[in-house]
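See below for the structure under consideration.
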Amino acid sequence: MASSAELHQRRSAAVARGVSSMIPSYVSTAGGGTMTDVDGREWIDFAAGIAVTNVGNAAPRVVEAVQAQVERFTHTCFMIAPYEQYVAVCEELAALTPGDFDKRSALFSSGAEAVENAVKIARHATGRPAVVVFDHAYHGRTNLTMALTAKVMPYKQGFGPFAGEIYRVAMSYPLRDGRSGAAAAAYAIGQIEKTVGAVNVAAVLIEPIQGEGGFVVPAEGFLPAIAAWSRAAGAVFIADEIQTGFCRTGEWFASTHEGIEPDLITTAKGIAGGLPLAAVTGRAEIMDSVHPGGLGGTYGGNPIACAAALATIETMRELDLAAAARHIESVARPRLEALAAKHPAIGEVRGRGAMLALEVVIPGEDTAAGPAPDAVLTAAVAKAAHELGLLLLTCGTYGNVIRLLPPLIISDDELDRGLSLLEQAFASSL
């Protein structure tokens, strides 16, 4: 097997420069809460492929289901010759997603594709053009989803012009706006009504907990108020649960924490144990408003990915991975709070379940947008962690948030070792 150094040379000659990686090592095997590179070095995994391998890498049920499906058939395209696995995944999504009402689903290949289709469906159902999104949002890298995404670098820089009729309003960000949920919602709704007009809004699209934007947890009451306004205005309320879904936050879906029942919900990432699958699920009357042939895609709901999803969902139920996420928080949050008490550069510990974050700031320095962010220290901590053998990610509009996304099946020993490495990384970077 080639070494990481050899593979990096090959990569430089074959892979486009715009595709970057967090670490210079190349993975050989992965499972539980660790991965091993081709040089034999073990890494504690606090990334889970960006919240994808919630059930772990090479989860036994997923492997078995994929192998069995490959032996039967690999592809027909559901739009040409349908198959049971696609239907079964849609049935599971109807049962699992929030809301006790009749639902329909359509399956796709990526989160961005799901978001694009949710917008298409909302516009078709309402006959309206405008889509409202929020500061710090991340919804993907396609042309439409770049327009929906807030952060310019690296996601949007040089790739315009972007799709129109996208309107951005203020997100509830307690560390930086100091508003209650009700006050933050009133401010955002005022922006919508003044700059867009309620009668023009097809959809309000929001992450219940923002992902790439910094793991921002809105103040309590913000989401219910935005959802209620959307329904009163005749707009479709879309929850982007691509990163938060499938037990990541301690519930099957983050919307449940505040009793939200989205009209449409987009899912991907953790749905299929690492295979590419995504979905839009929602109220039957909205989903069925689109004419036959208006939704689909060659690989959407591929039978292998569907088999993996069914096995992933079965694993989550059997192991009660929502409870596992809550356990991870019960172990990790006290350690993170103690770390923050020790280091004033940690301005806030936040998140839910196994979706936790540290926002890194410059102590004593304030800006018009709250505490001054410290992207330099954030990058240094991440680099130090990588050198110690801890794989973790940064995020945030200001590049100053460290996010923790361990697989939900991580052992207590692996979690403890990873947190200890994070503590060492902070100590060595200050």
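A residue that is touching a Pro at 6+ places or on another chain (Cβ under 9 Å) and in a helix (DSSP H, G or I) occurs nowhere in the range 150-168.
In the range 86-111, the residue that is farthest from residue 248 (Cα to Cα) out of those that are of a type in the set (A, V, I, L, M) and free of Cβ contacts under 8 Å to residues at least 24 places away in the same chain is 87. Note on the range 328-373: among residues that are touching a residue at least 24 places away in the same chain (Cβ under 8 Å) and of a type in the set (Asp, Glu), the one that is nearest to residue 45 (Cα to Cα) is 329. When we screen 356, 295, 321, 336 for residues that are of a type outside the set (Asp, Glu), touching a Ser or Thr at 6+ places or on another chain (Cβ under 9 Å) and on the phi < 0 side of the Ramachandran plot, the only hit is 321.
For the residues 19, 27, 15, the requirement of being in the same structural domain as residue 382 (by TED's automatic domain parsing), surrounded by fewer than 12 Cβ atoms within 10 Å (Cβ to Cβ), more than 17 Å from residue 404 (Cα to Cα) and without any contact (Cβ under 8 Å) to a residue 12 or more places away in the chain singles out 19. Of all residues in the range 73-85, those satisfying the criterion of being surrounded by fewer than 20 Cβ atoms within 10 Å (Cβ to Cβ) and touching a residue at least 12 places away in the same chain (Cβ under 8 Å) are 73, 74, 75, 76, 77, 79, 83. Selection within the range 137-149: residues that are touching a strand residue (DSSP E or B) at 6+ places or on another chain (Cβ under 9 Å) and not in a loop (DSSP other than H, G, I, E, B). The member of this set that is nearest to residue 201 (Cα to Cα) is 148.
Among the conditions (1) under 21 Å from residue 321 (Cβ atoms); (2) buried (at least 18 other Cβ atoms within 10 Å of the Cβ), residue 412 misses just one, which is (2). Residues in the range 244-264 that are crowded, with 24+ Cβ neighbours inside 10 Å and either over 19 Å from residue 54 (Cα atoms) or among the hydroxyl-bearing types (Ser, Thr, Tyr) (or both): 244, 249, 255, 262, 263, 264. Does the range 257-277 hold any residues that are under 23 Å from residue 403 (Cα atoms) and either in contact with a Gly (Cβ under 9 Å, 6 or more places away or on another chain) or of a type in the set (A, V, I, L, M) (or both), and which are they? Within the range 257-277, 257, 258, 266, 267, 268, 269, 270, 271, 272, 273, 274, 275 meet the criteria.
The values are calculated or read from the model by the stated rules, or taken from the named source; none is laboratory data. This is a predicted model, so every value here is computed, not measured. Using ideal geometry, Cβ is built from the backbone for each residue, glycine included, and neighbour counts are taken over all protein chains shown.
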